[in-house]
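Input: a single structure, listed below in structure tokens.
The values are calculated or read from the model by the stated rules, or taken from the named source; none is laboratory data. Predicted, not measured: the structure shown is a model, and the values here were computed from it. Here the Cβ is made from the backbone with ideal geometry for all residues, glycine too, and neighbour counts use every protein chain on show. Surface accessibility is based on the protein's heavy atoms, side chains included, excluding ligands, DNA and RNA. Shrake-Rupley method; radii C 1.70, N 1.55, O 1.52, S 1.80 Å.
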Amino acid sequence: MSISFDPTHCTLCPRRCGADRTRPPYGFCQSSLKPKAALAAVHRFEEPPISGTRGSGAVFFSGCALRCIFCQNAAISWQNQGVSLTTTELAETFLSLQSQGVHNINLVTAGHFLPSVIDALHLAKNQGLTIPVVYNSSGYETVEAIAALEGLVDIYLPDIKYYDSALSAEFSACPDYFAVAEKAILEMVRQVGPAQFDPNGLMTRGVILRHLILPGCRSDSKAILSWIKDTLADTVYVSLLRQYVPMYRAKEHPLLRRRLTTFEYEDVIDYFLSLGLTHGFRQEKSSASAIYTPVFDGSGLIRKEETT
């Protein structure tokens, strides 16, 4: 399925800001037409069935349609660091990662470049890309955008950040977050169905929903888990993230400037178990460290011409 895209009036993301992507000033995501990325690397810190033993081939795209005030990748989501690539260069970046032995290609926050990403995936697949494609997303996507990825993406790895519209408005400037993400996630599940694994325990198809537990927001986390239980049950895996570190503007926020406590995290884990959910992942306390934030130096990106 193709996606309708007018480069002079962009409506790719749920904000539908109508920006002209052909010239500055650009819209909310700060992006021009060419895909822009800040890093392509073997990434070993995803969930076990994604990273496996050889890592996930992650391409971190610059800009973002969400831009949370606590973003751990603010250097690219807010500050837009990175380099522009042609579609051919992006396809060759995917193939380069595959040649390094990674288990999959991991597209990190690629939604605002979707037409170019779709073209690059087709090109790469025609040139020998055979490993699964992971779509790693904020969850804030239109149904039309996700539908356009059918047949190209094998594994969806979306966040489900908020249930409460007041929280999503305050932390990510999008009061409609859950209403939008719910529909997008249901489309992801429709496309790829229940999780499938190879003999080595690597996911080959399916959906993993990620939820970052925020300090002082346990009730919102529980509301999300209740929705998952009532709507999706065990057709998806749930990754309950403990890795919150006050970063970027979160350091100035009265609720977000502290770390998550052990009690808060374990309380949400207990609620997950009380619901009878069984398909999930948890994190160790040591995951809450800035050392896991990548260095966005442009390495690993295939560029035939130097662009900025």
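Below 8 Å, C-alpha to C-alpha, sequence gap of six or more: please give me the relative contact order for the chain in percent. Write down the numbers at each step before the final one.
Working: 632 pairs, mean separation 57.5, N = 308.
The value is 19 percent.
Test of the criteria: in region 16-67, which chymotrypsin sites (Phe, Trp or Tyr not before Pro) are in a DSSP loop and have at most 11 other Cβ atoms within 10 angstrom of their Cβ?
Sparse-neighbourhood loop chymotrypsin sites (Phe, Trp or Tyr not before Pro): none present.
Taking 0.36 nm per intervening residue step and subtracting the Cα-Cα distance, what contour gain separates A173 from F281 on full extension?
Numbers: separation 108, 0.36 × 108 = 38.88 nm, distance 2.84 nm.
Additional length available on full extension: 36.0 nm.
Hey, with R₀ at 35 Å, roughly what FRET efficiency would A166 and S96 work out to, going by the Cβ-Cβ distance, to 0.05?
Working: r = 44 Å, r/R0 = 1.25.
Once the sixth-power term is evaluated, E becomes 0.20.
Considering Cα pairs under 8 angstrom that are at least six residues apart, work out the relative contact order of region 1-114 and quote it in whole percent.
On the way: 199 pairs, mean separation 30.9, N = 114.
About 27 percent, as a whole number.
Using alpha carbons only, how many angstrom separate the centre of region 159-221 from the centre of region 1-61?
18 Å
Of (1) 17.2; (2) 15.9; (3) 14.7, which one was derived for mean projected area of the Cα convex hull in nm² from the structure shown?
Here the calculated entry is (3).
For region 72-202, give the percent of accessible area contributed by carbon and sulfur heavy atoms, probe 1.4 Å, rounded to a whole number. List each step's numbers first, then the result.
Details: 2180 of 4390 Å².
After summing per-atom areas, the C and S share lands at 50 percent.
Considering only lysines 8 or more places apart in sequence, or on different chains, count the pairs in the chain whose C-alpha atoms sit under 22 Å apart.
Going through the chain pair by pair, I get 14.
Can you list residues whose amide H is under 5 Å from S239's amide H, if they're 5+ apart or on another chain and H is modeled 1.01 Å from N?
Residues meeting the amide H criterion: L209, R210, H211, F281.
Quick one: putting +1 on the C-beta of Lys and Arg, -1 on the C-beta of Asp and Glu, what dipole do you get for region 164-308 around its Cα centre, in Debye to the nearest 20?
On the way: 17 positive and 18 negative charges, 50 e Å.
Charge dipole of region 164-308: 240 debye, to the nearest 20.
State the Cα centre-to-centre distance between region 77-112 and region 238-290 in whole Å.
28 Å
With a 10 Å radius around each residue's Cβ, average the other Cβ atoms per peptide and rank 273-281, 153-161, highest first. Walk me through the intermediate numbers first.
Values: 273-281: 14.3, 153-161: 23.9.
Ranked by mean Cβ neighbours within 10 Å, highest first: 153-161, 273-281.
Cβ neighbours within 10 Å, averaged per peptide: list 135-142, 208-215 in order, most packed at the top. Mind showing how you got there, number by number?
Working: 135-142: 25.4, 208-215: 21.9.
Top to bottom by mean Cβ count within 10 Å: 135-142, 208-215.
Taking loop as defined by DSSP and a crowding limit of 11 other beta carbons within 10 Å, which GluC sites (Glu not before Pro) in region 196-294 fit? Walk me through the numbers before you get to the answer.
On the way: sites: E252, E264, E266, E284; in loops: E284.
Here the GluC sites (Glu not before Pro) that fit, given the DSSP loop and packing criteria, are E284.
Go through 104-113, 290-299, 88-97, 217-226 and give me the packing order, highest mean Cβ count within 10 Å leading.
Working: 104-113: 26.4, 290-299: 12.7, 88-97: 21.3, 217-226: 19.3.
Ranked from most to least packed, the peptides come out as 104-113, 88-97, 217-226, 290-299.
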